[in-house]
Amino acid sequence: MTEKKTESGLAYTLKIMASQWQPTMIYWLGFRPLTKGEMLQLLPKLTSDQLAAELHALQNLRVVNPVMDDANQYSLTDDGDQLRQLIISSSLWGLQQQDDNEDRISTNVVEPENTASIKDLVKYNGVVEKYLG
């Protein structure tokens, strides 16, 4: 049984969304399971200690699976996948509100294959920063 929360659902969600690293981590972990080393390559400004703390926080929130797989990779829970869709939708909506010339969502959401190498994902990281900041 989970601990009863006293804050509103919106306040709870905004707390995660306001984090400096968690939305971007959720984005990448929803793409495919990743090791700590791969996440550090995708988030070069994040230290190893910060990554460990953020992963622990996301595990406590039941967004990231509490146990790594056999390849020592982290992945999202079903709830984490749902939150990832909210993050993507929110970021695209915000871009469109700021720029009337911004393309529609269907042309903005283009992700590399889920079998992409970490090298390919790192190249794609510049595009992600535009959407997730």
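The values are calculated or read from the model by the stated rules, or taken from the named source; none is laboratory data. Predicted model only: the values in this text are computed from it and were never measured. Neighbour counts run over all protein chains shown; Cβ positions are idealised from the backbone, glycine included. Heads up: the accessible areas ignore ligands, DNA and RNA and are worked out on the full protein's heavy atoms, side chains in. Shrake-Rupley method; radii C 1.70, N 1.55, O 1.52, S 1.80 Å.
Could you list which residues have their amide H under 5 Å from that of residue 64, counting only those 5 or more apart in sequence or on another chain, with H placed in the peptide plane?
Distant-sequence amide H within range of residue 64: 59, 77.
Please work out how much length the chain gains when fully extended from residue 62 to residue 17, using 0.36 nm per residue of separation minus the C-alpha to C-alpha distance, in nm with one decimal.
On the way: separation 45, 0.36 × 45 = 16.20 nm, distance 1.47 nm.
14.7 nm is the gain from fully extending residue 62 to residue 17.
With N set to the residue count of the stretch 1-84, report its C-alpha Rg divided by 2.2 N^0.38 Å to two decimal places.
Relative to the rule-of-thumb radius for its length, the stretch 1-84 sits at 1.07.
Give the calculated FRET efficiency between residue 79 and residue 47 to the nearest 0.05, with a Förster radius of 41 Å applied to their Cβ-Cβ distance.
In this case the efficiency is close to 0.95.
Quick one: what are the phi-derived ³J(HN,Hα) couplings along the stretch 27-39, Karplus 6.51/-1.76/1.60 with θ = phi - 60°, whole Hz, x for glycine and proline?
Each residue's phi maps through the Karplus curve to give 4, 5, 5, x, 6, 6, x, 9, 7, 4, x, 5, 5 Hz.
Kindly write out, for the stretch 64-77 in residue order, the coupling ³J(HN,Hα) from the Karplus curve 6.51 cos²θ - 1.76 cosθ + 1.60 (θ = phi - 60°), rounded to whole Hz, with x marking Gly and Pro.
Listing the rounded values in order: 10, 4, x, 10, 6, 7, 4, 8, 6, 10, 9, 8, 7, 7 Hz.
Mind checking the per residue accessible area of the stretch 9-105 for me, 1.4 Å probe, whole number of Å²?
Ligands and nucleic acids excluded, the figure is 57 Å² per residue.
Evaluate E = 1/(1 + (r/R0)^6) for residue 8 and residue 96, where r is the Cβ-Cβ distance and R0 equals 22 Å; express this FRET efficiency to the nearest 0.05.
0.25
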